[in-house]
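Participant: Starting off with a structure, shown below.
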Amino acid sequence: MGIGVAVVLGALYPWAVGTIAAHVAQSKLSERLGRPVTVGVGRAGFGDVTLADVRIAGKTGPAGPTGPDLAAIDRVVVPFGVAFGGAGPVRVSGLKAYVVRGGDDDDVS
């Protein structure tokens, strides 16, 4: 019985903790950047959290985001220590940015 419970908890841990981390990251980043941020998937490992398909919205109008995303990130790996205010390396892979400064399409100012 104990082994069965451990297996179930071990299977749920990456999904449950990752989902919570993705939600928290999404809300904190949206607040800090002042534009909508979405996180597709979060998965917890032992010592870090991986966030996949992170998107930062580009220009926003009255009806919500318009135009291409300011940034799209395939994967971000964050150590638990950083998540709790500590220091450590945050690894970003697959970063694509669409940046326009000035004019009607300005998404930086």
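The values are calculated or read from the model by the stated rules, or taken from the named source; none is laboratory data. Keep in mind the model is a prediction, meaning the values are calculated, not measured. SASA here: full protein model, heavy atoms, side chains in, ligands and nucleic acids out. Shrake-Rupley method; radii C 1.70, N 1.55, O 1.52, S 1.80 Å.
Participant: How do ILE20, ILE73 stack up against each other in accessible area, from largest to smallest, with a 1.4 angstrom probe?
Facilitator: ILE20, ILE73
Participant: Apply the Karplus parameterisation 6.51 cos²θ - 1.76 cosθ + 1.60, with θ equal to phi minus 60°, to every residue of the stretch 88-96 and state each ³J(HN,Hα) to the nearest whole Hz, in sequence, with x for glycine and proline.
Facilitator: x, x, 9, 9, 10, 9, x, 7, 10
Participant: Whose amide H sits under 5 Å from the amide H of VAL100, counting only residues 5 or more places off or on another chain, with H placed in the peptide plane?
Facilitator: ASP107, VAL108
Participant: If you don't mind, another one. Give a residue-ordered list of calculated ³J(HN,Hα) values for the stretch 30-46 (Karplus: 6.51 cos²θ - 1.76 cosθ + 1.60, θ = phi - 60°; whole Hz; x for Gly, Pro).
Facilitator: 4, 5, 5, 8, x, 8, x, 10, 10, 10, x, 9, x, 9, 8, x, 9
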